1. Tell me, which residue of region 148-173 that is in a helix (DSSP H, G or I) and of a type in the set (Gly, Ala, Ser) is farthest from Pro84 (Cα to Cα)?
2. Among the numbered criteria (1) within 22 Å of Ile70 (Cα to Cα); (2) modelled with pLDDT of 85 or more, which single criterion is violated by Asp91?
3. Residue by residue through region 99-128, note down the ones that are part of a strand (DSSP E or B), open to solvent by 40 Å² or more (accessible area, probe 1.4 Å) and farther than 22 Å from Asn174 by Cβ.
4. Could you tell me whether Tyr232 is at pLDDT below 80 and touching a Leu at 6+ places or on another chain (Cβ under 7 Å)?
5. So Asn14 clears everything in (1) of a type in the set (S, T, N, Q); (2) at pLDDT below 90; (3) under 26 Å from Phe132 (Cα atoms) except one condition, right? Which one?
6. Answer with yes or no whether Tyr163 is open to solvent by 30 Å² or more (accessible area, probe 1.4 Å) and at pLDDT 90 or above.
Amino acid sequence: MFTFLATTILMSRNKKLDIKDYWSTDPLLSSPIFRQITSRNKYLLLLQMLHFCNNDNQEKRNRLFKLDIILDEIHTNFKAGMVPFQNIVIDESLVLWKDRLSFKQFIKTKRHRFGIKLFVLCDIETDFILDFIMYTEAETRLLPYDANIGISGAVVKTYIAPYLNKGYNLYTDNWFTSLILAKREVFMLSTKFDDKLDDSGKLDCKGSIDKTDILQSSVECVRKTSKWYKKYFFI
């Protein structure tokens, strides 16, 4: 399986139009390393049989059942990967998926527009992904929350729980931000400044999420598949 995964990752750095071309002996297409690593038939068989759960133990109202084992491992590794610097950011990301899927989303501001929506927590200093939550509508895995703050506020409360009152600065866009979520009012009285807005010269904190999306697209090893969970696994 390690050989299978290594082969798949290598494909992202040596893209071809058809998966069988990686084992081609045509001088114009040949990449001998793939034939040295594994045979074509063995690779295609593993790709076809790739699965992450026991269907006999299917859980009702758990849309992520087929990926739970993988997701648990990824979440653990991300959280243990580093202690974040002072500034962290939450934003949305989208994994391209155009076929039928009950929780497929449309975000017009994203490059792909249609796909599986993620709420991503990033460290701004390093652009390291600290955690992510896959949006599955009513089944989205969030801490219990008051209906007044909505799902956007619930995402913030879920993410900030481990970092609350520890000196971190959290940046969010207007979708995640609300007066109810802030829980307190801030007043300021000044005789020095007027009400004009000035450019602070600071960089966009949400750029960390954009960078992870760009990096993901540059090393993408996904190919057309009828199984959404396989595509998500490879991403």
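1. To start, the set of residues in region 148-173 that are in a helix (DSSP H, G or I) comprises 148-163.
Still in the running and of a type in the set (Gly, Ala, Ser): 150, 152-154, 161.
Details: Gly150: 27, Ser152: 22, Gly153: 22, Ala154: 21, Ala161: 14 Å.
Checked region 148-173; the qualifying residue farthest from Pro84 (Cα to Cα) is Gly150.
2. (1)
3. So in region 99-128, the residues part of a strand (DSSP E or B) come out as 105-106, 114-123.
When the remaining residues are screened for being open to solvent by 40 Å² or more (accessible area, probe 1.4 Å), the result is 106, 114.
Once the filter is applied, which keeps residues that are part of a strand (DSSP E or B), open to solvent by 40 Å² or more (accessible area, probe 1.4 Å) and farther than 22 Å from Asn174 by Cβ, region 99-128 yields only Phe114.
4. Numbers: at pLDDT below 80: yes; touching a Leu at 6+ places or on another chain (Cβ under 7 Å): yes.
So Tyr232 fits the description; yes.
5. Evaluating Asn14 over (1) of a type in the set (S, T, N, Q); (2) at pLDDT below 90; (3) under 26 Å from Phe132 (Cα atoms) leaves (3) as the failure.
6. Details: open to solvent by 30 Å² or more (accessible area, probe 1.4 Å): yes; at pLDDT 90 or above: yes.
Taking the combined requirement at face value, the residue satisfies it.
Here is a yes/no grid of residues against (1) modelled with pLDDT of 65 or more; (2) surrounded by 10 or more Cβ atoms within 10 Å (Cβ to Cβ); (3) not in a loop (DSSP other than H, G, I, E, B):
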position: Ala138; (1), (2), (3): yes, no, yes
position: Trp175; (1), (2), (3): yes, yes, no
position: Arg184; (1), (2), (3): yes, no, no
position: Met188; (1), (2), (3): yes, no, no
position: Asp194; (1), (2), (3): yes, no, no
position: Leu215; (1), (2), (3): no, yes, yes
position: Lys224; (1), (2), (3): no, no, no
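The values are calculated or read from the model by the stated rules, or taken from the named source; none is laboratory data. Predicted model, so just to flag it, every value in this text is computed and none were measured. Glycine gets a Cβ as well: all are built from the backbone with ideal geometry, and neighbour counts include every protein chain shown. Heads up: the accessible areas ignore ligands, DNA and RNA and are worked out on the full protein's heavy atoms, side chains in. Shrake-Rupley method; radii C 1.70, N 1.55, O 1.52, S 1.80 Å.
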